Amino acid sequence: MSRTMSTNPRSDTSQAWAGGLTAFAAVLLFIAGILDFFRGIMAIADDDVYLSTPNYVFKFDLTSWGWIQLILGVIAMAVSAGLFTRATWARVVGVGIAALLIIANFLSIPYYPFWSLTLIALYAFVIWALCVVRREP
């Protein structure tokens, strides 16, 4: 019996699917990074934009919190650029930065609840999309 080399159509389909999920995560990470960037600018420029909650467990100076949001948003946008090239480092850093941003947005729920919950959902989708993709052989 002779062995013939054949391409596996399932492998081609899974590679296309993986590429689509990586692009999906890159776009979501970029959009959410832009939203965090603008939230950071809002907090730095004018603290009156955010709701004041005097009896909340986590109390932050909103100007310094704005700088944290701004820096994390810029990092998220930079990592999303790496995801478009399908770099492995970008997937690893993307999961890490998305996890940090979920924590940051959780801590800012009392100040801006709607946007915080929206961004938490976006970052959860980013983590899912980056973790589902298997490494190429």
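The values are calculated or read from the model by the stated rules, or taken from the named source; none is laboratory data. Bear in mind the structure is a predicted one, so any value in this text is a computation, not a measurement. Here the Cβ positions follow ideal geometry from the backbone for every residue, glycine too, while neighbour counts run over all protein chains shown. Each accessible area value is taken on the protein alone, full model and side chains, heavy atoms only, with ligands, DNA and RNA left out. Shrake-Rupley method; radii C 1.70, N 1.55, O 1.52, S 1.80 Å.
Mind ranking Val92, Val74 by accessible surface for me, highest first, 1.4 Å probe?
Numbers: Val92 100, Val74 70 Å².
Highest to lowest solvent-accessible surface, that is Val92, Val74.
Could you rank Met42, Met77 by how accessible they are, 1.4 Å probe, largest area first?
On the way: Met42 60, Met77 40 Å².
So, going from the largest accessible area down, we get Met42, Met77.
With no solvent and one point per C-alpha, what does the Debye sum give as log10 I(q)/I(0) for the range 71-137 at q = 0.28 Å⁻¹? Cα-only, vacuum Debye calculation for the range 71-137: -1.23. How many angstrom lie between the C-alpha centres of the range 29-46 and the range 93-137? The distance from the Cα centre of the range 29-46 to that of the range 93-137 comes to 15 Å. Note on exposure: Leu35, Leu62, Leu100 ranked by accessible area (1.4 Å probe, complete protein assembly) read Leu100, Leu35, Leu62, with the most exposed listed first.
Inter-label distance, Phe114 to Val92: 4.0 nm, where each label sits 7 Å from its Cα along the C-beta direction.
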